[in-house]
Amino acid sequence: MRTFSAITSGRPFTVLGVLLAILVIVAFVFVALNASAANSNPMETVVVAGKDLKPRVAITADDLSTSLVPTGRWAVYFGHVQDVVGMVPLVPIPSGHAITVDDVVKSTQALGSQSEFLLIPKGYVALTIPTSEQQGVADYIQPGDYISVIATVSSGTKVASLTVFTQLHVIKVGTQSGAGGASATSLTIVVTQCQAEYITWFLAYASLKYTLESYQDYAPGNQAPDPACPDVKSAKGVTLPLVKTAFPSLF
């Protein structure tokens, strides 16, 4: 038969075991409640940057991805990739960042220093040239088209015409379909700085006419820098002797 002291000496261990059991139960309930709350929180699909996006560079589908995030956040996000394609970031957007309506703007709404970069390949420049209905194919030339340039030069008693440039990419058409349906007044084209100097010479001392190339002959791709004029520093000016050397059949 156990003594009273033997019975009472075991009570502290019994109480400690009960407390430990209660703590385990409480912890389990806490974890279960948290898991339940997390599972009950609805998720939504949002568009995220698939890579670092720079301001003023139009966004393409390849730049984007999607991710699931909890709903109920204060910011307004995009739910579909196609809603963001073509927009222009106003700020740098890091890879993986969910894109909000405050981060981007439509290219037609971008103004000033936040406007979209012109589509000028490395080593090229944009040049605006005058046009009209008869000079510019009756307003059929549109952004994205490719044109050829014909120069007509009078030299003494000789008058000659020659196609001096082909495959010039048009990236903007100036004031078009204005008051009274007026014709476009300018075309912005992509050329090398050396070509820009020759075209400027022809505009001053010859007459120019443009032809619209067939879309089946377009060769957009990625324009590599022209080895003969890889950057703006390559242009050294144009004089009449240089024009005669470059285009001898005109003279």
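Which FRET efficiency value, to the nearest 0.05, is calculated for Q82 and K158 with the Förster distance at 41 angstrom and r the Cβ-Cβ distance?
On the way: r = 57 Å, r/R0 = 1.39.
Result of the calculation: an efficiency of 0.10.
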Loop-only trypsin sites (Lys or Arg not before Pro) in segment 71-161, please: DSSP not H, G, I, E or B, and at most 10 other Cβ atoms within 10 Å. K122
Holding the Cα-Cα limit at 25 Å, pick out from K54/K122; K122/K209; K54/K236 the pairs that are longer than that. K122/K209; K54/K236
Fully extended contour minus Cα-Cα distance, from E133 to L23, at 0.36 nm per residue: 30.9 nm
What residues have an amide H closer than 5 Å to that of S186, excluding those fewer than 5 places away on the same chain, when H is modeled at 1.01 Å from N in the peptide plane? T131, G174, T175
For H97, what residues show an amide H to amide H distance below 5 Å, using hydrogens built from the backbone and excluding near sequence neighbours? A49
In whole Hz and in residue order, list the ³J(HN,Hα) couplings for segment 94-101 that follow from phi through the Karplus curve 6.51 cos²θ - 1.76 cosθ + 1.60, θ = phi - 60°; x for Gly and Pro. x, 4, x, 6, 5, 7, 9, 5
What ranking do I22, I171, I189 get, fewest neighbouring Cβ atoms within 10 angstrom at the top? I22, I171, I189
Which order do the peptides 191-201, 49-59 take when ranked by the mean count of other beta-carbon atoms within 10 Å per residue, highest first? 191-201, 49-59
Peptides 213-219, 141-147: what's the order by average Cβ count within 10 Å, highest mean first? 141-147, 213-219
Please name which of V47, T60, P89 has its Cα lying farthest along the dipole of segment 43-114 towards the positive end, using unit charges on Cβ (Lys, Arg +1; Asp, Glu -1) and the Cα centre as origin. P89
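Coordinate-derived values only; no laboratory data. All values reported here derive from a predicted model rather than from experimental measurement. Ideal geometry is used to build each Cβ from the backbone, glycine not excepted, and the neighbour counts take in all protein chains shown.
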